1. Report the Cα centroid-to-centroid distance between the stretch A:170-197 and the stretch A:417-477 in angstrom, as an integer.
2. Quickly work out the A:Lys265-to-A:Arg441 label distance, labels modelled 7 Å from Cα along the C-beta direction, and quote it in nm with one decimal.
3. Any chance you could run the full-extension gain for A:Arg11 through A:Asp110? It's 0.36 nm times the residue separation minus the Cα-Cα distance, nm to one decimal.
4. Please tell me which of these pairs span more than 32 angstrom C-alpha to C-alpha: A:Lys58/A:Lys311; A:Lys159/A:Lys269; A:Lys269/A:Lys327; A:Lys327/A:Lys451?
5. Net charge around A:Ala346, counting only other residues with Cβ within less than 12 Å of its Cβ (Lys, Arg = +1; Asp, Glu = -1)?
6. What's the long-distance tail for the stretch A:421-474, i.e. % of Cα pairs beyond 18 Å?
7. Roughly what would the spin-label model give for A:Arg158 and A:Thr246, points 7 Å off Cα along C-beta, in nm?
8. Mind running the shape call on the stretch A:240-331? Use the C-alpha gyration tensor, a ≥ b ≥ c as the square roots of the eigenvalues: rounded below 1.5 for a/c, prolate if a/b tops b/c, oblate otherwise.
Amino acid sequence: MGMKIYNSLNRRLEDFEPLNPEQVTIYSCGPTVYDYIHMGNARTALVTDIIRRYLLYKGYNVKLVQNLTDIDDKIIRRAAELGISVKQLAHQNGEAYFEDSQRLGIQPADVHPKATEHIREMIDLIQILIDKGAAYVVDGSVYYRVDQFAEYGKLSNRKPEDLLAGARVEINEEKEDPRDFDMWKAAKPGEPSWDSPWGKGRPGWHIECSAMAMKHLGETIDIHAGGEDLLFPHHENEIAQSELATGVTFARYWMHVAFLKIDGKRMGKSEKNFILLRDALDHYPTEVIRHFLISAHYRHPLDYNQESLTKSEGALRRLNNCLDTLKQYDGEVGLNEKTDVPLQHAVQEMKARFTQAMDTDFNTAQALGAIFSLVSEVNKAFNTLDEMAAPVLAEAYQALAETCQVLGIYNNVETQEETGDNVEQRDELVKLLLEIRQEARNRKDWETSDKIRDRLKELNIQIQDTHHSTTWKFTTK
RNA sequence: GGUGGCGUAGCCAAGUGGUAAGGCCAGGGCCUGCAAAGCUCUUAUUCGUCGGUUCGAUUCCGACCGCCACCUCCA
């Protein structure tokens with residue numbers, strides 16, 4: 001079965017067919033770097049990350065471009081407040097963005113273009129639009145003439161009259177039409193500016209995405225993603241600029257991520273009710289936050305609260321307990337046609353359900369359901385299977401590790417450097433303690449055995465008695 | 001005023017024109033010296049309300065109620 005993506009342009013689920021089967025192109029609207037990113041920003045970035053991971057899992061080549069808006073009103077204002085240069089503020093927050101993203105397990109895009117490094121491309125694009133009569137210059141500013149683009153409003157499903165009646169349209173005497181938007185802002189005293197054919201100034205917001213997407217991905221891109229607040233006017237304006245300039249479709253699939261809420265309201269910087277991603281990461285592991293953010297479908301609102309994070313913690317614990325136990329079978333071979341245990345079917349079913357879920361507009365919530373169903377089956381199997389089933393358990397491990405890594409909820413990397421004399425010594429010490437405890441247990445000296453268990457737990461080492469042995473592992477808390 | 005979305009068990013959350021995935025929490029049982037982990041049973045005859053279409057609707061249509069968002073910078 002092929003993939004389907006919900007396209008905001010038609011508000012329908014559509015079959016996904018990349019323009020060039022060799023390479024899927026994705027443009028994701030990135031942050032304006034005037035501050036650290038919050039959990040809502042993280043949700044959008046994470047969705048993009050998972051879309052890319054899944055497309056790679058499906059065998060596509062992907063080129064992902066995500067911009068950094070490093071010049072705008074908010075950055076100028078914030079820099080002034082802090083008494084540092086715009087450039088410095090943007091640089092600091094840009095670096096912080098990469099750091100935070102990386103901590104959330106988000107892999108860097110192939111290109112992270114910055115607005116200030118593409119002034120030339122933006123000027124060229126604006127000039128094309130002026131030449132076509134789609135833009136006009138007033139006192140050093142350039143505005144887009146909305147009524148020149150017949151399809152204006154096709155993304156946001158708005159008619160020209162809808163945009164005027166009752167709408168909160170900025171009053172600006174310079175504009176011919178209130179709907180027109182600026183592509184180039186004439187310089188104001190003290191603000192950063194660049195030379196242009198229309199005098200010193202700086203780019204408007206929407207033009208950067210058009211220019212940078214086209215430069216790095218071509219005139220037509222496959223997927224354009226962003227938060228749902230960008231649908232109008234940002235994305236509508238990107239379409240207007242790009243398509244009038246090139247005459248071809250700008251983006252074939254528009255994807256919009258629903259808001260993260262907090263206490264039932266949109267988490268937003270202007271409401272001052274946001275949780276910074278870096279603060280959340282200080283309290284919860286990467287995988288827990290990722291699990292929380294993908295526990296609902298990306299087009300549905302999700303409410304941030306401590307209870308939900310606690311639920312994700314519990315779910316991750318269940319998953320990791322299973323994977324930790326399964327991992328020891330990794331590498332077991334010997335599976336053949338004669339091997340026939342029910343778990344094999346469960347593995348196949350999980351893979352099929354996972355793919356089906358992700359194929360259908362990246363339904364991560366449903367994909368998690370498939371994964372946890374197999375976790376249940378594996379746990380049951382532990383109680384009943386004999387050692388002959390080891391290859392099947394290895395297969396289950398592979399399937400779970402692979403799918404969980406698409407979602408980024410399984411950290412298979414050893415947390416500490418698992419080499420060196422200290423580590424060996426540590427392991428031997430734990431082993432020694434467990435031996436002493438076993439001896440105590442043998443003579444029913446529960447006081448001593450429980451003391452060892454309790455004290456180890458205080459040291460974040462959790463031990464478990466099974467039928468024939470005692471296992472131990474590190475815990476996070 | 002315009003546009004769009006949401007309302008599923010105690011909580012979170014998938015989903016389908018044919019009788020409700022998964023997770024968290026809770027309680028009983030099994031296992032265990034006790035824990036932990038795991039298993040197991042219990043937890044929505046029901047999917048905001050009221051109508052309609054249909055052999056049959058939670059799923060389609062209409063009305064209503066409630067909530068949210070965009071139309072202004074915001075992922």
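Read-outs: derived from the displayed coordinates by stated rules, not from any lab. Model, not experiment: these values are computed from the prediction. All Cβ positions, even for glycine, are placed from backbone atoms using ideal geometry, and neighbour counts span all protein chains on display.
1. Here the answer is 69 Å between Cα centres.
2. Once both label points are built, they end up 5.4 nm from each other.
3. Gain on extension, A:Arg11 to A:Asp110, equals 32.8 nm.
4. A:Lys269/A:Lys327
5. Numbers: positive: A:Lys351, A:Arg353, A:Lys380; negative: A:Glu349, A:Glu377, A:Glu395.
Every neighbour counted, the sum reads 0.
6. On the way: 385 of 1431 pairs.
Tail of the P(r) past 18 Å holds 27 percent of the pairs.
7. Reported label-point gap for A:Arg158 and A:Thr246 is 2.3 nm.
8. Oblate, since a/c reaches 1.5 and b/c is not below a/b.
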